[in-house]
Amino acid sequence: MAVLHSVGRPECLLCSSNGSDVRERGRMIPLSAELCDRCWNEVANELALCEGATAAPEPEFDPDDVEWVEPRTCRYCHAPVRCCPTNYDRWVELAMFDMPAKQVPPKHRWRLMSRKAAYSRIEVERVAVKIGAIDPAPGEPVIPAHEFLCLRQEA
């Protein structure tokens, strides 16, 4: 919960500023922390390094452009990868398939959560969420980080 100053704005949980950039953070899943932009970037970058979410974001495509776009591939092994945003606004490269949890080390286990449009079955957003606090059952499908499967062939 944020602390309200006399001006009625929330206060950053870490630095106690109450500027206009202080807001609740987290994509699709609120992280229960109201932070300013500077503190949020520090926290999100540190979390991304710990979890391996260091991929570049997908480029924005022009909806009027009809040219073919090649699927994203790993720069080391050239395998196709699925690049997804995380719930803390960083990007991670995931494998294109699921694996049983018993075959994937805990630090490489991810899930995709989707949000549907209001009153519709149409999926409008997918977010990668790191599996952490509760271990999945051994046979439960998880999406491994591509880093776990990568056959690095650095030039």
Sparsely packed chymotrypsin sites (Phe, Trp or Tyr not before Pro) within region 65-155, loop by DSSP, other Cβ within 10 Å at most 13: Trp68, Phe97, Tyr119
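Not counting the cut sites, what is the longest span of the chain without GluC sites (Glu not before Pro) that DSSP labels loop and that have at most 14 other Cβ atoms within 10 Å? Present the calculation step by step, with values, prior to reporting the outcome.
Values: sites that count: Glu60, Glu67, Glu154.
Longest gap between qualifying sites, sites excluded: 68-153.
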³J(HN,Hα), Karplus 6.51/-1.76/1.60, whole Hz, each residue of region 116-130, x for Gly, Pro: 9, 5, 4, 6, 8, 9, 7, 6, 10, 7, 10, 10, 7, 10, 6
Cα-only radius of gyration and Dmax that characterise region 38-121, units Å: 15.4, 44
Only Lys, Arg (+1) and Asp, Glu (-1) charged, at Cβ; the chain dipole about Cα centre in debye: 620 debye
Cβ-based charge dipole, the chain, positive-most Cα from Pro71, Val22, Ala48: Ala48
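I'd like the carbon and sulfur percentage of the solvent accessible area for the chain, probe radius 1.4 Å, heavy atoms only, ligands and nucleic acids excluded.
Exposed carbon and sulfur together represent 54 percent of the surface.
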On Cα atoms only, tilt of 37-51 relative to the major axis of the chain in degrees: 30 degrees
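Which value, in Å², gives the accessible area per residue of the chain when a 1.4 Å probe is used on the protein heavy atoms? Please report the intermediate quantities before stating the final value.
On the way: 10450 Å² over 155 residues.
So the chain comes to 67 Å² accessible per residue, rounded to a whole number.
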Interchain or long-range residues, amide H under 5 Å from Leu94's placed H: Arg82, Cys83, Cys84, His146
Inverse of mean 1/r across different Cα pairs in region 75-131, Kirkwood, Å: 12.9 Å
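The values are calculated or read from the model by the stated rules, or taken from the named source; none is laboratory data. These numbers were taken from a predicted model, which means no experiment stands behind them. Every residue, glycine as well, gets a Cβ built from its backbone with ideal geometry; the counts of neighbours run over all protein chains shown. These area figures cover heavy atoms from the full protein model, side chains too; ligands, DNA and RNA do not enter into them. Shrake-Rupley method; radii C 1.70, N 1.55, O 1.52, S 1.80 Å.
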